[in-house]
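Here the structure is laid out as structure tokens; the discussion comes afterwards.
The values are calculated or read from the model by the stated rules, or taken from the named source; none is laboratory data. A quick note: this is a predicted structure, and the numbers were derived from the prediction, not measured. Virtual Cβ from ideal backbone geometry, glycine too; neighbours counted across all protein chains shown.
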């Protein structure tokens, strides 16, 4: 809502406050003033209305005109470059000595050898902000209507001294979608009187009922419909002041009839519609629901196909307007219109909203119907329009408008008492102060001791309950005046759940080993949604979830894996020469096996990582380590060690990963994720180099985690280490041998470490050597060589038999 | 023999004085004090001495041995000290050469902001709750006093998956879920950080995905001044002790009265500048007293219980706090952006 302060002044006197000060007070009381626009940023002086007596071509220049302009006390010769200057026009003349915005001083000059004593101005030259200049006035000089006085200062005529407050209205304050509503608000905030417009109309001795009747099919959808007949109207431009106000409100002036309906729309917040009575064609108005697939050509020339839920105004036969949304072309007011049927009505907000939304026809009018208008001002607004049509279109208003009225005028009562209000606010406001606040708001009330019974005026449809009144009292009392307190209830320690603490600890771990947290989008593309899905998810037969109405193809599907979008960020960095990246992300993926979603998908918390490029580099020592499988595996192993969970890596094949460098992770035989190198083909498609990834099901892992730290005695007796190298077939996996030893019942074995892997010279084809350090320990005593030798022999025998291994000497 | 011992001592001490290496010193030790050394050979003549002379000479010989030993030990210490000094001099390195870099990562700036806020409210006795990102229409809107067809639904254009499911447009549904879970029990003190989604085209100030933190406090006798005091603590902790807050009336369907909270502009200290659009204030969050309908729907008697709720945007807070001018930076994950915030 754009509020012109010059317009507002007609109803409420805000004294000497600057627009900025007034805006600040309004903002603090509940309506955010989002901006303040001055029609002209700077003042113009000595600019007056001039009459162009003659306009001849400039003797020395094709594009210039030589004008003789009467400015009241003298006639000035002025050279003008505007293409639209003509004799007989009334124009804005900056006389010699005038100063235009930008400190542009007007002097007598010679232009191409001819004397020019001033300047004929455009609106822009007068400092009018482009936003307020109607399209048809943007080019060339401004031309006044004929009825302005020559010599008059243009400042007031063009509303140049106006400031406009831009209200960012919340949906509840529909009352301030009208100048009168704003006036009530300002009157309450400043505690100054309110002057409401006089709407008296002189009618002629003819009855409306001889011209039309009104019927409403469903009073619930149309609680009020008033039809006023105004005869003998003269279509012409509206008065300059009205045009100025409309422009300030962001509405383009058209002609007096349209302008008057728009003026009352802004003044009262009441949408009106003017029909050309003669084009209505019948003596009947019927408001009804549209017939399914009925059509109407609206004012914008478009044919609209209607649904039964739409509401239409008809002439008894066919639609002549789409109720509350837009008029019909068949009954539109034209320059030839003589008699007007003026509609002032109240329609059901939901019906208007649905129709306007479906047809994409949101307008100043539909917006007000949707948000709710003051039912007790509908008729008054109609009368106001009649009065203005009488005055500015020479119309004759008929007696007794045709009205169907089902409005419930009962004012709502809200009860409250002083203590309840103070308890809710934490204040100590007196009953007298509350009385005064209600007086300022112009709410009627009864009070018994400290108990109030407040009648809520119909213009404030947003107030229905006690809490609404708490807000009214508080905002007039001033939120600034509320004390600062903390709750006085018994306090209790706050804290994280076990899972939340673990999540934080895991993030800390990952960061301390060199990973950086990334946050990517949950919505991804069709191409990426199917990539890199973990086997634990694959096995659940999930269906990707698509948005029916995505904003873009890039963000169309809910992610099934964090990795694709994470890899996109690696590519983004790589494209910017940032090739060394180690990212992790902790977030949800969305799992459902329904093809048509009927319930919420399962949200599965996952931890994903993607690493590429150089891992560490010590440049002057020429030491450089590039990210590889085992670096990433080490990070993941460290994580499980940190969580005190035994993890097993099993060779696996997973789509989009290098078939020979990929493993699934298992804890207690439960599949908890995977790790691997991105398949070189996929890496190439995504503009990535060698990239290594992991993806873990955190939900499973957090559930498996047990809080079971306990002290164990530190061994008192030394351990003994024996090294051994086995020669085995190439396809034997190192960990299998380690596990065989560790899980055998051979005594005293505490740990098996692999310390060398060798293939090549001195070994047969397809064989490799795996060397292990085997640790033995007895918690009770120092081990003797004989005991260790015996255990060691058993191990050698076990491995030789199980893996067809030989000892490498 | 006394003279022999005296000259032996003199000679030995002179030699010790001359040597410059540990090897030579060891050699001297053998030469004079060893089993076949000079002192031993002088003492071989002891047998020829009278019983009266023997102890005298013996005593003298011990003294000579002791004197030479001491001299050797002293010389040894000197040489060792010199050697060590030499070694240390040789081991001197250029300490200005860079050390081996340690790879350290860090939190995303949004996580850092969220964790800072979590820690503050945990200190005030709150717990942290989480909720689903795909919400039902009921929890996202209806349970928050936004029935179907409510004009305020326009304020938040949503990504619907079906008629009844959507990507949550705010973290407020967790309010309703938490109260419902506690079924009228008190107190409710929780915050809920998380991702939210709206149908906005991504630009410098809009993102279709962003983060929010919801807060809720429900108990008996909770007052609006408690909300004001709590938000003041929040603002001072997060933005600095010298920040002022101001509450303005506003509208949210799930609170009544509703407020917007502004903080005084840090750039101009409230005088007015381009950052605060000349107002001296910057909008930070929305809040209010929980609407009685929301309490009732979740099973709390609104005549007995009252409460406040607030919702803030970590994205906006981070942008204001660090002067970030484009919200998309948070989701592009440019390493040069993320690393700027990896400092204590």
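The table below lists the values:
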{"quantity": "Some residue of the stretch B:80-93 being free of Cβ contacts under 8 Å to residues at least 12 places away in the same chain, loosely packed, with under 10 Cβ neighbours inside 10 Å and either over 46 Å from the mean Cα position of the chain (by Cα) or within 14 Å of chain A (Cβ to nearest Cβ) (or both)", "calculated": "yes"}
{"quantity": "Residues satisfying the stated conditions in the stretch A:421-430, i.e. within 14 Å of chain B (Cβ to nearest Cβ) and over 13 Å from residue A:472 (Cβ atoms)", "calculated": "A:422, A:423, A:426, A:427, A:428"}
{"quantity": "Check on residue A:433, within 12 Å of chain B (Cβ to nearest Cβ), surrounded by fewer than 18 Cβ atoms within 10 Å (Cβ to Cβ), in contact (Cβ under 8 Å) with a residue 40 or more places away in the chain and not in a loop (DSSP other than H, G, I, E, B)", "calculated": "no"}
{"quantity": "Test: residue A:512 is out of contact with any helix residue (DSSP H, G or I) (no Cβ under 9 Å at 6 or more places or on another chain) and either at pLDDT 95 or above or over 17 Å from residue A:604 (Cα atoms) (or both)", "calculated": "yes"}
{"quantity": "Members of the stretch A:636-660 found to be surrounded by fewer than 16 Cβ atoms within 10 Å (Cβ to Cβ) and part of a strand (DSSP E or B), listed by number", "calculated": "A:648, A:650, A:651, A:659, A:660"}
{"quantity": "Out of B:293, B:321, B:303, sole residue that is surrounded by fewer than 23 Cβ atoms within 10 Å (Cβ to Cβ) and over 22 Å from residue B:142 (Cα atoms)", "calculated": "B:321"}
{"quantity": "Hey, residue A:216 touching a helix residue (DSSP H, G or I) at 6+ places or on another chain (Cβ under 9 Å) and surrounded by 14 or more Cβ atoms within 10 Å (Cβ to Cβ) or not", "calculated": "no"}
{"quantity": "Scope the stretch A:332-359; condition touching a helix residue (DSSP H, G or I) at 6+ places or on another chain (Cβ under 6 Å), closer than 23 Å to residue A:399 by Cα and surrounded by fewer than 23 Cβ atoms within 10 Å (Cβ to Cβ); matching residues", "calculated": "A:339"}
{"quantity": "Strands (runs of 3 or more DSSP E) contained in the stretch A:1-97 and holding at least 2 residues modelled with pLDDT under 95, crowded, with 17+ Cβ neighbours inside 10 Å and within 14 Å of chain B (Cβ to nearest Cβ)", "calculated": "A:32-38"}
{"quantity": "Of all residues in the stretch A:445-463 being outside any strand (DSSP E or B) and out of contact with any strand residue (DSSP E or B) (no Cβ under 6 Å at 6 or more places or on another chain), the one that is farthest from residue A:180 (Cα to Cα)", "calculated": "A:449"}
{"quantity": "Odd one out for residue A:594, checked against (1) farther than 19 Å from residue A:512 by Cα; (2) facing another protein chain (nearest Cβ under 8 Å)", "calculated": "(2)"}
{"quantity": "Residue check for residue A:330: part of a helix (DSSP H, G or I) and over 31 Å from the mean Cα position of the chain (by Cα)", "calculated": "yes"}
{"quantity": "Qualifying residue in the stretch A:115-127 (condition: at positive phi, under 50 Å from the mean Cα position of the chain (by Cα) and buried (at least 18 other Cβ atoms within 10 Å of the Cβ))", "calculated": "yes"}
{"quantity": "Selection count where residues are within 30 Å of residue A:125 (Cβ to Cβ) and free of Cβ contacts under 8 Å to residues at least 40 places away in the same chain, scope the stretch A:18-40", "calculated": "3"}
{"quantity": "Complete set of residues in the stretch B:201-227 that are closer than 29 Å to residue B:329 by Cα, within 8 Å of chain A (Cβ to nearest Cβ) and at pLDDT below 95", "calculated": "B:201"}
{"quantity": "Residues of the stretch A:466-495 that turn out to be touching a strand residue (DSSP E or B) at 6+ places or on another chain (Cβ under 8 Å), modelled with pLDDT under 95 and assigned to a loop (DSSP other than H, G, I, E, B), as a count", "calculated": "4"}
{"quantity": "Which listed residue, of A:417, A:444, is surrounded by 16 or more Cβ atoms within 10 Å (Cβ to Cβ), more than 33 Å from the chain's Cα centre (by Cα) and more than 10 Å from every other protein chain (Cβ to nearest Cβ)", "calculated": "A:417"}
{"quantity": "Condition broken by residue B:195, with the remaining ones in (1) in contact with a helix residue (DSSP H, G or I) (Cβ under 8 Å, 6 or more places away or on another chain); (2) surrounded by fewer than 23 Cβ atoms within 10 Å (Cβ to Cβ); (3) closer than 30 Å to residue B:158 by Cα; (4) within 8 Å of chain A (Cβ to nearest Cβ) satisfied", "calculated": "(1)"}
{"quantity": "Selected residue (criterion: farthest from residue A:690 (Cα to Cα)) from residues of the stretch A:642-662 that are without any contact (Cβ under 8 Å) to a residue 40 or more places away in the chain and within 45 Å of the chain's Cα centre (by Cα)", "calculated": "A:653"}
{"quantity": "Residue that is surrounded by the most Cβ atoms within 10 Å (Cβ to Cβ), among those in the stretch A:507-541 that are away from chain B (no Cβ under 14 Å) and over 17 Å from residue A:588 (Cβ atoms)", "calculated": "A:531"}
{"quantity": "Selection within the stretch B:94-120 - within 20 Å of residue A:510 (Cα to Cα) and touching a residue at least 60 places away in the same chain (Cβ under 8 Å)", "calculated": "B:104, B:105, B:106, B:107, B:108, B:109, B:110, B:112, B:113, B:114, B:116"}
{"quantity": "Matching option when the condition is touching a helix residue (DSSP H, G or I) at 6+ places or on another chain (Cβ under 8 Å), farther than 30 Å from residue B:331 by Cβ and within 14 Å of another protein chain (Cβ to nearest Cβ), among B:145, B:140", "calculated": "B:145"}
{"quantity": "In the stretch A:625-635, residue surrounded by the fewest Cβ atoms within 10 Å (Cβ to Cβ) [restricted to those that are away from chain B (no Cβ under 11 Å) and free of Cβ contacts under 8 Å to residues at least 12 places away in the same chain]", "calculated": "A:630"}
{"quantity": "Of all residues in the stretch A:542-579 being touching a residue at least 40 places away in the same chain (Cβ under 8 Å) and assigned to a loop (DSSP other than H, G, I, E, B), the one that is nearest to the other protein chains (Cβ to nearest Cβ)", "calculated": "A:545"}
